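Here's the structure, in structure tokens; my notes come after.
All of the numbers you see were taken from the coordinates with simple rules; none came from a lab. None of the values given here were measured: they were computed from a predicted structure. Positions of Cβ are generated from backbone atoms using ideal geometry, with glycine treated the same way; all protein chains shown enter the neighbour counts.
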Amino acid sequence: MRALDDAFEDNGGGTWSIRALLLHMIEEYSRHLGHADLLRERIDGRLGE
């Protein structure tokens, strides 16, 4: 098992911690869910809660 502060290098030579990677993934996932919600609202007219 890895700790959240363990670091690794990406393919571009940058260094990430596991914590930073998880945070980035959560932010991207949230952004895409927001876009999908906007599209759904335009299609069916219902507002999300």
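Among Leu22, Leu39, Met1, flag the residue with its Cα farthest along the positive direction of the charge dipole of the chain, charges on Cβ as +1 for Lys/Arg and -1 for Asp/Glu.
Leu39
Quote the Stokes-Einstein diffusion coefficient, in whole µm² s⁻¹, for the chain, based on the Kirkwood radius over alpha carbon pairs, a temperature of 10 °C and a viscosity of 1.306 mPa s.
Result for D is 121 µm²/s.
Find me the longest stretch of the chain that has none of the exposed trypsin sites (Lys or Arg not before Pro), where exposed means in a DSSP loop (not H, G, I, E or B) with at most 14 other Cβ atoms within 10 Å.
Counting only loop sites that pass the neighbour cut-off, the longest clear stretch is 3-45.
Placing +1 at every Lys and Arg Cβ and -1 at every Asp and Glu Cβ, with all other atoms neutral, what dipole size does the chain have around its Cα centre, in debye to the nearest 20?
Values: 6 positive and 10 negative charges, 32 e Å.
The calculation lands at about 160 debye.
Over the chain, what is the relative contact order in whole percent, taking alpha-carbon pairs under 8 Å and six or more residues apart?
Once normalised by length, the contact order is 20 percent.
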